[in-house]
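First the structure, in the form of structure tokens, and then the observations on it.
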Amino acid sequence: MNIAVDEKTVLQDEQAHARKQRRKRHLILLAGAALLLGAVAFGVYWMTVGRYLEQTDDAYVRADWIPISPRVSGYVAQVLVEDDQPVKAGDVLVRIEDRDYQARLEQARAELAETEASVAARQANLHVTDSLIAQQKAAVAQADAHVRGANAERRRAALDQRRYEGLAREHAASTQRLESAAASYTQANAAVDSAQAMQREQKTRLSVAVTRRQLAEASLKQQIARRRQAQARLNLAVHALDDTLIRSPIDGVVGQRKVRIRQYVVPGLPLLAVVPVQQAYVVANYKETQLRDMRAGQAVDISIDSYSGRKLKGHVVSFSPGSGAVFALLPSDNATGNFTKIVQRFAVKVEIDQHDEGGPILPGMSVITRVDTRPQMQGAAHE
């Protein structure tokens, strides 16, 4: 009886062991099939996508922030913004005391009014001179007429004298009549001389009037030039007064606020900075061996270290014209000493296509970028 039970137990153990072996073979086959499928899938992915992806973690968020400096000197009257405050383009950030600039503006306005009055006086003088010239031209024309009349009278008197001289020789006219004709001729000569003298006088007066007009015109031009100078000084005074209100040139966020009330500032002194957070972009430093198939317009996946799992889309904008070593403060000289070849990195500018609401993207954040260099993806970021 015990022998039969033992045989049955051994048979059951053998059957159980056989089932375990079959299950183990099935699991091995399934694992092998899964590994094979995974390898095939990875191979297909690598051949179609993976080998075209260029990735780097040497990438950071950047923004073209603007340092704000005054254009005029003076004491700070008000600081109208706080640290990290969002501002719009045109918002007043700092106000400088403007009493001196108001006074300079009033002085410039007074100088301009004075020069304008002087210009008006010179213009009136020029008009008077023009009237005198017109009057003198009429006098010259009258003198010319007198000269022509006197010459005509002299010619008549000369003819009368010659005629009476012939008559007197023939005793057809009296000596008294001849003497009267001679006297008329002498008077005609004197009248011609007088008319010519008057003509020269009137022409001289006309020349003097023309010279006076030239002087008046030159004086007017001089005053017009002074008026332009006064207008320019007024414009400078207006601009200086406007510059006492320091405004934000762009939309952004205030940072590096160093300015304080009652501080004396001068042109060029940095007071604060305005950072255009919404215009942030990424600068990724890729190895030179990764740039072969990289082109502007290719799509980029952006992962931000500050927000785990957050993905953004972007596209390549441009490439640096030189490696970082070229623009270093002390560039290396590979022509001296022992040479060790080092793979260089080039800055690639990546524009973020759309900022989501998952938190601010601030300059200086570290990111990981992955560029899809597939030819069919050229410009896909813009579609």
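The values are calculated or read from the model by the stated rules, or taken from the named source; none is laboratory data. Since this is a predicted model, take the numbers as computed values, not measurements. Here the Cβ positions follow ideal geometry from the backbone for every residue, glycine too, while neighbour counts run over all protein chains shown.
At a glance:
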{"quantity": "Number of positions in the range 318-348 that are within 30 Å of residue 358 (Cβ to Cβ) and surrounded by 15 or more Cβ atoms within 10 Å (Cβ to Cβ)", "calculated": "6"}
{"quantity": "Pick from the range 68-90, criterion in contact with a Leu (Cβ under 8 Å, 6 or more places away or on another chain) and touching a residue at least 24 places away in the same chain (Cβ under 8 Å), ranking: surrounded by the fewest Cβ atoms within 10 Å (Cβ to Cβ)", "calculated": "69"}
{"quantity": "Selected residue (criterion: surrounded by the fewest Cβ atoms within 10 Å (Cβ to Cβ)) from residues of the range 260-278 that are among the hydrophobic types (A, V, I, L, M, F, W, C) and within 30 Å of residue 358 (Cβ to Cβ)", "calculated": "273"}
{"quantity": "Lone qualifier among 15, 102, 21 - being surrounded by 13 or more Cβ atoms within 10 Å (Cβ to Cβ), at negative phi and of a type in the set (S, T, N, Q)", "calculated": "102"}
{"quantity": "From the options 200, 212, residue that is under 15 Å from residue 131 (Cα atoms) and of a type in the set (D, E, K, R)", "calculated": "212"}
{"quantity": "Residue under evaluation residue 315, criteria (1) in contact with a helix residue (DSSP H, G or I) (Cβ under 7 Å, 6 or more places away or on another chain); (2) closer than 27 Å to residue 85 by Cα, criterion not met", "calculated": "(2)"}
{"quantity": "Pairs with Cβ under 7 Å, 6+ apart, first in the range 113-135 and under 16 Å from residue 206 (Cα atoms), second of a type in the set (Val, Ile, Thr)", "calculated": "133/210"}
{"quantity": "Selection count where residues are closer than 20 Å to residue 67 by Cα and of a type outside the set (Lys, Arg), scope the range 219-259", "calculated": "16"}
{"quantity": "Filter pass, residue 326 being at pLDDT 90 or above and of a type in the set (A, V, I, L, M)", "calculated": "no"}
{"quantity": "Residue list for the range 37-65, restricted to those being more than 30 Å from residue 345 (Cα to Cα) and either at pLDDT 80 or above or aromatic (Phe, Trp, Tyr) (or both)", "calculated": "37"}
{"quantity": "Single match in 184, 248 (criterion: modelled with pLDDT under 90 and either closer than 30 Å to residue 140 by Cα or surrounded by 15 or more Cβ atoms within 10 Å (Cβ to Cβ) (or both))", "calculated": "184"}
{"quantity": "Failed criterion for residue 257 (all others in (1) in contact with a Pro (Cβ under 9 Å, 6 or more places away or on another chain); (2) of a type outside the set (Asp, Glu); (3) in the same structural domain as residue 82 (by TED's automatic domain parsing) hold)", "calculated": "(1)"}
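Residue by residue, here is whether (1) buried (at least 17 other Cβ atoms within 10 Å of the Cβ); (2) at pLDDT below 95; (3) assigned to a helix (DSSP H, G or I) holds:
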{"position": "196", "(1), (2), (3)": "no, yes, yes"}
{"position": "215", "(1), (2), (3)": "no, yes, yes"}
{"position": "220", "(1), (2), (3)": "yes, yes, yes"}
{"position": "223", "(1), (2), (3)": "yes, yes, yes"}
{"position": "232", "(1), (2), (3)": "no, no, yes"}
